[in-house]
Structure formats: structure tokens, C-alpha cells
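The values are calculated or read from the model by the stated rules, or taken from the named source; none is laboratory data. Predicted model only: the values in this text are computed from it and were never measured. Here the Cβ positions follow ideal geometry from the backbone for every residue, glycine too, while neighbour counts run over all protein chains shown. All accessible areas refer to the heavy atoms of the entire protein, side chains included, with ligands and DNA or RNA removed. Shrake-Rupley method; radii C 1.70, N 1.55, O 1.52, S 1.80 Å.
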Amino acid sequence: MALMTKSEQAPTEGVPNVPTHVAIIMDGNGRWAKQHGLPRPEGHRHGVENLRRVLRACVQEGVKILTIYAFSTENWNRPKYEVDALMRLLEMFIERELDELDSQGVQIRHIGDLEGVNLRLARKIRSATARTAHNNTLILNVAFNYGGRKEIVQAVKRIVREGVPEDNITEELISRYMYTGDLPDPDLIIRTSGELRVSNFLIWQSSYSEFYVTPTLWPDFDQNEFHLALETYAARTRRFGKTDDQVNG
Ligand code: IPE
Ligand code: IPE
Ligand code: MG
């Protein structure tokens, strides 16, 4: 996957309001397939292809962290043939793209649970994350077998297991126990295909994220659409509870 050479990268210093961390709920593959008279797995295949474009756009725009929702803990409830196709596609994505992603400086991370995931796929995910751990052009955080509530349950269990004293429990501490531990919260969450819900995605981390929803289906979400999302974000005022005057003055 050709991302962007150093000289092609847009200068990001001085560009106002580029979100550091963008998260995307990549939704609408099934409807895209239906529109094109294709089986649902074909929609997912085109969805995976589309990741190349969006990764390229991220590097170009100067986004530092991209979190993508690839498979939720609830998606196991889909028909087996579709779940199997999604697992195969993730494995193929790693096989085909790892060398290129690594050479472009992409650090691949996984958030979610590898328990219950096919052993071969789990091994590939672990080896991709280990191999790219030193990279720093872009952090690609893949939410796979991810559930926001499950993440909170796991954090609470670890906090209890480690015997953290009650007085030490702060918002910062809980954030550190999330899968996203050392990363800043997402500035912008994009959802494609028009659904107005969070579907168990980053429910702790999104407390002050900006939301952007487009009716465009994920396989059609291109660089221009990504740019439009960033432009819309740049024009927003994030008040974090304050008044406009406080923020602008
Ligand atoms: C998103 O597309 C991909 C996954 C959830 C894995 P969908 O498969 O949810 O597409 P729609 O919502 O049915 O159109
Ligand atoms: C959310 O999409 C999960 C991913 C994009 C991986 P869904 O299509 O599963 O969400 P719901 O079921 O419509 O809320
Ligand atoms: Mg969907």
C-alpha cells in the first residue's frame, strides 16, 4: 500500500485544528453490497480496500492517530459465513499490507480482546503489532472484537485485581486502564452510512469527542469525504463546558 513519501506529505505545522486522533465507525458495507447487487462479503472486501485511501488521506492531512472500528463484540451475532468472511479479510489485509505499512512508518495496534479469535489470526495480529511497535508516522489502532462496555469491565477487573486504593481512583487512572491507555481521547469520531448511534465504540474515551456522520457508505468514503470531515471539525468550537466568550476570548 503506497501511503505517502516524506516529500509528498503536507506540512502540518501551522495548519489549524487538525485533529490529532480520528476514530471511524466504518459502517455501510452491507448496504453498499446490496446497492451493487453483490453478496455482503463483497461489501466488506471493498470496505477493506477503502482503508488504503483513508490511511493515505490521514498521513496527508497530518492526523497522528487513526482508530478504526473493524469488528464489534456484537458482530459475532451475524451469520457464520459473514463472520468467517470478515476474519479472512482481516487476515488478508495483514498479509498483504504489513510490509508496506511498516515501511511507511505505520504503528499497528490492536484494541479489543483476542480471546475467542482464531489462533492463526490472533498470532498474525500479535506479530503485526510487535513488528511495527517502533514506527511513528501514524498510529493505526484497530478495534477488533472490541466492545466499549467490555473494555470498561476489563479495566475495573484489573484495577480491583491490582488492589488500587480507592483514593487513587481518578478519571486519569481509569483512562490509563483502558485499551487506549497511553493515547489521547479521539478528537473526532466519524460514522459513515448515516446511523446516529455509537454502537458500543469508545464509550469512555468519547466524552468530549466531536461527532461527524455522513450518509456516504464506507466503501465510497474517499479522500475528499475525509477532507470534508476534517474541515467541518476545524470549524467547530469545542467548549468543554465553558462559554463561547471564555473559549474565544
Ligand atoms: C460495517 O458494515 C462493517 C462491520 C460491521 C464489520 P456493515 O456490515 O455493518 O454494513 P451495513 O450496516 O449492514 O450496511
Ligand atoms: C458498528 O457497526 C461496528 C463496526 C463498524 C465494526 P454495526 O453495523 O455493527 O452497528 P449497528 O449494529 O448498526 O449498531
Ligand atoms: Mg452496519
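Does the stretch 200-209 contain at least one residue that is closer than 25 Å to residue 36 by Cα and open to solvent by 20 Å² or more (accessible area, probe 1.4 Å)? Lay out the reasoning, then the answer.
First pass over the stretch 200-209, keeping only residues closer than 25 Å to residue 36 by Cα: none.
Scanning the stretch 200-209 turns up no residue that is closer than 25 Å to residue 36 by Cα and open to solvent by 20 Å² or more (accessible area, probe 1.4 Å).
Is it the case that residue 81 is of a type in the set (Ser, Thr, Tyr), more than 20 Å from residue 133 (Cβ to Cβ) and out of contact with any Phe, Trp or Tyr (no Cβ under 8 Å at 6 or more places or on another chain)? So that I can check it myself, show each step before the final result.
On the way: of a type in the set (Ser, Thr, Tyr): yes; more than 20 Å from residue 133 (Cβ to Cβ): yes; out of contact with any Phe, Trp or Tyr (no Cβ under 8 Å at 6 or more places or on another chain): yes.
Yes, satisfied.
So, in the stretch 54-80, exactly how many residues are more than 13 Å from ligand 1 (Cβ to nearest atom) and surrounded by fewer than 16 Cβ atoms within 10 Å (Cβ to Cβ)?
First, pick out the residues of the stretch 54-80 that are more than 13 Å from ligand 1 (Cβ to nearest atom): 54-67, 80.
Next, from what is left, pick out any that are surrounded by fewer than 16 Cβ atoms within 10 Å (Cβ to Cβ): 80.
Result for the stretch 54-80: 1.
Suppose we filter 223, 246, 154 for residues that are more than 16 Å from ligand 2 (Cβ to nearest atom), over 30 Å from residue 36 (Cα atoms) and surrounded by 12 or more Cβ atoms within 10 Å (Cβ to Cβ); which single one remains?
Values: 223 fails: over 30 Å from residue 36 (Cα atoms); 246 fails: surrounded by 12 or more Cβ atoms within 10 Å (Cβ to Cβ).
Just one listed residue meets the conditions, 154.
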Starting from the stretch 230-248, take each residue that is charged (D, E, K, R) and list its partners that are in a loop (DSSP other than H, G, I, E, B), counting only C-beta distances under 9 angstrom and pairs at least six apart or across chains. 236/17; 238/187; 238/208; 244/237
Residue 160, sole failed condition from (1) within 23 Å of residue 24 (Cβ to Cβ); (2) more than 16 Å from ligand 2 (Cβ to nearest atom); (3) of a type in the set (A, V, I, L, M, F, W, C): (1)
From 153, 160, grab the single residue that is under 24 Å from residue 125 (Cα atoms), without any contact (Cβ under 8 Å) to a residue 24 or more places away in the chain and part of a helix (DSSP H, G or I). 153
Looking only at the stretch 41-73, filter to residues that are among the small types (Gly, Ala, Ser) and in a strand (DSSP E or B); which one of those is nearest to ligand 3 (Cβ to nearest atom)? 72
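On the given criteria, is residue 83 modelled with pLDDT of 95 or more, β-branched (Val, Ile, Thr) and in a loop (DSSP other than H, G, I, E, B)? Break it down stepwise before answering.
Values: modelled with pLDDT of 95 or more: yes; β-branched (Val, Ile, Thr): yes; in a loop (DSSP other than H, G, I, E, B): no.
When the stated conditions are applied, residue 83 does not pass them.
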Which pairs have Cβ atoms under 6 Å, sit 6 or more apart or on different chains, and link a residue in the stretch 193-215 that is free of Cβ contacts under 8 Å to residues at least 24 places away in the same chain to one that is of a type in the set (Lys, Arg) and part of a strand (DSSP E or B)? 213/191
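Against the definition (within 16 Å of ligand 1 (Cβ to nearest atom), within 17 Å of residue 144 (Cβ to Cβ), in contact (Cβ under 8 Å) with a residue 60 or more places away in the chain and not polar (S, T, N, Q)), how does residue 183 come out, yes or no?
no
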Selected residue (only one of 196, 114, 173, 202 is assigned to a loop (DSSP other than H, G, I, E, B), away from ligand 1 (no atom under 16 Å from the Cβ) and either of a type outside the set (Lys, Arg) or out of contact with any Pro (no Cβ under 9 Å at 6 or more places or on another chain) (or both)): 114
Output yes when any residue across the stretch 107-130 is out of contact with any Ser or Thr (no Cβ under 9 Å at 6 or more places or on another chain) and touching a residue at least 60 places away in the same chain (Cβ under 8 Å), and no when none is. no
For the stretch 81-110, which positions are under 16 Å from the mean Cα position of the chain (by Cα) and within 15 Å of ligand 1 (Cβ to nearest atom)? 90, 93
Residues being open to solvent by less than 30 Å² (accessible area, probe 1.4 Å) and among the charged types (D, E, K, R) - total across the stretch 103-130: 1
The stretch 131-144: number of residues that are within 15 Å of residue 111 (Cα to Cα) and open to solvent by 10 Å² or more (accessible area, probe 1.4 Å): 3
